[in-house]
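Participant: Take this structure first; my questions come after.
The values are calculated or read from the model by the stated rules, or taken from the named source; none is laboratory data. Nothing here was measured: the structure is a model prediction, and the numbers come from that model. With ideal geometry, Cβ positions are generated from the backbone for all residues, glycine too; neighbour counts draw on all protein chains shown. Quick note on the areas: whole protein, heavy atoms, side chains included, nothing else; ligands and nucleic acids left out. Shrake-Rupley method; radii C 1.70, N 1.55, O 1.52, S 1.80 Å.
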Amino acid sequence: MMRRCKRQRAVSPDEKDEQEPGAKKAERTRRKGAGATSAADSPKYHCWLMKSEPESRMEKGLDMKFGIEDLKAQPNQTASWDGVRNYQARNFMRAMKVGQEAFFYHSNCKEPGVAGIIKVVKESYPDHTQFDPKNPHYDPASSKDNPKWSMVDVQFVRMLRRYISLAELKTLHQKHKTSGGALRGVALFTRARLSVQPLTQEEFDFILSLEEKTPEQDSDH
């Protein structure tokens, strides 16, 4: 059995605020068979950013730590991306296709930022942690006949040539809001609470280009 990813997916107070009241509407839409046909299905979204915790944090006796090095250590460098408990983030995962790439983003740590690249190797299917009473992500309102939560399988692709910090990206985002640059509307700041976020190809390519530059050179963008 594939080892569970242990991440930050205990829903934070901020994420709970975002989840309601939109969550009820999202769930009604899902039950009508259109749960995955949200904005996430827009053709412009082929790339993603997925957040996970690289530092130890215990919850219900389980360590929620799962950094990119933990993914690399898995069999075939592949693991399920479980524990997502936000309807928007879930719908984004349901829109993912095999082969699409995402940034592995380290969150809830001393220096948050983009550490590497992963790719989707299995499209969405029911998240098993929602049915496990011993798991921090257990959801008693979900049933195997009508599961509320989904996950995908991801595989390590490579580390970035350098770590791109949240602070660096925030500086660029602020500049781009004025100049109309690639990161002007990036979800990392416009939908900051989401653990799974969409990126346009322009956003993905721009962030990737930063690995070839120093933070000082970023000031030219």
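Participant: By how many nm would the segment from Tyr138 to Ala73 grow when fully extended, if each residue of separation counts as 0.36 nm and the alpha-carbon distance is taken off?
Facilitator: Between Tyr138 and Ala73, full extension yields an extra 20.8 nm.
Participant: Would you mind giving the average projected area, over all directions, of the Cα convex hull of segment 87-221 in nm² with one decimal?
Facilitator: Numbers: hull surface 36.7 nm².
With every direction weighted equally, the projected area is 9.2 nm².
Participant: Just report the Cα centroid separation between segment 178-221 and segment 73-118, whole Å.
Facilitator: Here the answer is 17 Å between Cα centres.
Participant: Considering only protein heavy atoms, what is the solvent-accessible area of Leu194 at a probe of 1.4 Å, reported in Å² to the nearest 10?
Facilitator: Solvent-accessible area, nearest 10 Å²: 0 Å².
Participant: Give the ranking of Lys148, Lys119, Lys134 by solvent-accessible surface, highest area first, calculated with a 1.4 Å probe.
Facilitator: From most accessible down to least: Lys134, Lys119, Lys148.
Participant: GluC sites (Glu not before Pro) within segment 142-216: which are DSSP loop residues with at most 11 other Cβ atoms inside 10 Å?
Facilitator: Qualifying residues, ordered by number: Glu216.
Participant: Kindly state, to the nearest 0.05, the FRET efficiency for Arg57 paired with Ser165, given R0 = 22 Å and r defined as their beta-carbon distance.
Facilitator: Approximately 0.60, to the nearest 0.05.
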